[in-house]
Structures are given as structure tokens and as C-alpha cells.
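A short write-up of the structure that comes next.
The values are calculated or read from the model by the stated rules, or taken from the named source; none is laboratory data. On a predicted model such as this, the values are computed, not experimentally measured, just so you know. Using ideal geometry, Cβ is built from the backbone for each residue, glycine included, and neighbour counts are taken over all protein chains shown. Note: areas computed on protein heavy atoms with side chains; ligands, DNA, RNA excluded. Shrake-Rupley method; radii C 1.70, N 1.55, O 1.52, S 1.80 Å.
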Amino acid sequence: MIESGARVVTSDGEDSASVSRVVGDADADVFTGIAVKSGLLGGERLIPSERVTGIWPERIEVAMTKADLEGLPPYEDAPVVRLEPERPGFFSRLFGR
């Protein structure tokens, strides 16, 4: 189990970030990676699961350097899209088409 706030230790021994959340699908038991934050104002970055080498409740070890981690692009959740069934337009409903 990975706890929010767990520190992230990079392969160069640096305490580089902290876990903000685990990314994946708990219902399907799929672990995609961990979203991490570095610094007070740093945004989230995603460390892919294949780069995680060790997991303890209060510490995560990753196979990347601090510079690699800082070079990751900002992570944003994919927006949830709700698809509505296609409804007939106003005139089709009015004239029964």
C-alpha cells in the first residue's frame, strides 16, 4: 500500500518528491504509476509504474534520477467524458421524423 505523502527516493539517492496519489484502476487491480509533487508549488508529475523499483508505506524508490523526475511533463487527469445517447432534434420531434 502506498500512502499519500510517502517520499520518493531516486536512483541517485535524492529524496526528490512526495506521493500525491496512486494512479490506476483499483477495481481492475491495475497500477499505472504514481503522481508526485516536488517543492511547495510544484505541480504533479506521473512516474510510470515500470520505473517504480521499491514500495514501502512511507518510501518509494524509482529507477530515475532527480533530474529525470524534474524533466517529466506535468501530469493532468484525463477528463471524464459522458456520452449522451443521440436525441432527435427539435424539428424531428415536432414533425415526427
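Looking at Ala78, Ala6, just one residue is modelled with pLDDT of 85 or more, out of contact with any His (no Cβ under 9 Å at 6 or more places or on another chain) and among the hydrophobic types (A, V, I, L, M, F, W, C), and that residue is Ala6. Among the residues of region 1-10, those identified as touching a Lys or Arg at 6+ places or on another chain (Cβ under 9 Å) and open to solvent by 80 Å² or more (accessible area, probe 1.4 Å) are Ser4, Arg7. Within region 23-36, restricting attention to residues that are open to solvent by 70 Å² or more (accessible area, probe 1.4 Å) and touching a Gly at 6+ places or on another chain (Cβ under 7 Å), the residue that is nearest to Ile60 (Cα to Cα) is Phe31.
Among the strands (runs of 3 or more DSSP E) confined to region 37-81, the ones with at least 1 residues that are open to solvent by less than 90 Å² (accessible area, probe 1.4 Å), of a type in the set (Lys, Arg) and closer than 16 Å to Ala6 by Cβ are located at 44-48, 59-62.
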